[in-house]
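This report refers to the structure that appears directly beneath it.
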Amino acid sequence: MTMQQVLDTVRAFDGVLELAPDEGSEFPEIAWGDHFFYYSPDGLIPQNTQPYATIITKDYTDDTFSNLGPNGRWRLNIHVGSARFTDLTGMSLRNFAPGDFSEADMIIPHPVYGSLGWIAVVNPGDRTAAAVLALLRDAHEDERRRVDRRAQARSNDTNEPGKPQ
């Protein structure tokens, strides 16, 4: 599975917003070449929320565990939540065992954000392709439901009797 195949899949989701910082953008240089995916049907960068999936193309200062330095290595990260994390990794969020976070084509806990329900796959391939695509669709739909719930809650708050409109 190529990075382009992942990008094409996610870009086809309804309401997706992809941030792909590049040289000269207002984003920090460390993020150049990476991809961050949000559900945002209005096309605006969501405030106070994290992306539901990312593609990282290099090691970060606080995250060198996946050995992304060699050319052609990249890592797909997906927020899956606690129950799905346990189903996929066989570990709990509170005490997942450190392992080889650099092994390719394996669903593993995210080396930094695993305790928050994130999984990672370095260079997804034949073993993980179908699962990765399904997990991306599920993460997108989960985020869509969260955004819709928040919008509904805000709408309910402003429509309560006695509240200023």
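Data overview
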read-out	value
Pairs with Cβ under 6 Å, 6+ apart, first in region 34-61 and surrounded by fewer than 20 Cβ atoms within 10 Å (Cβ to Cβ), second among the small types (Gly, Ala, Ser)	Pro41/Gly15; Pro46/Ser40; Thr57/Gly33; Asp59/Gly69
Inter-residue pairs, beta-carbon under 8 Å, first under 22 Å from Ile56 (Cα atoms) and in region 89-103, second modelled with pLDDT under 90 and part of a loop (DSSP other than H, G, I, E, B), 6+ apart	Thr89/Phe96
Any hit, region 119-137, residues being loosely packed, with under 14 Cβ neighbours inside 10 Å, in contact (Cβ under 8 Å) with a residue 24 or more places away in the chain, out of contact with any strand residue (DSSP E or B) (no Cβ under 9 Å at 6 or more places or on another chain) and over 21 Å from Gln50 (Cβ atoms)	yes
In region 1-33, residue nearest to the chain's Cα centre (by Cα) [restricted to those that are polar (S, T, N, Q), under 20 Å from Arg75 (Cα atoms) and surrounded by 11 or more Cβ atoms within 10 Å (Cβ to Cβ)]	Thr9
Residues satisfying the stated conditions in region 113-144, i.e. within 22 Å of Asn71 (Cα to Cα), part of a loop (DSSP other than H, G, I, E, B) and under 17 Å from the mean Cα position of the chain (by Cα)	Asn123, Pro124, Thr128
Some residue of region 63-81 being touching a Phe, Trp or Tyr at 6+ places or on another chain (Cβ under 9 Å) and assigned to a helix (DSSP H, G or I)	no
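The values are calculated or read from the model by the stated rules, or taken from the named source; none is laboratory data. Here the structure is a predicted model, which means the values were calculated and not measured. Cβ atoms come from the backbone with ideal geometry, glycine included; neighbour counts cover every protein chain shown.
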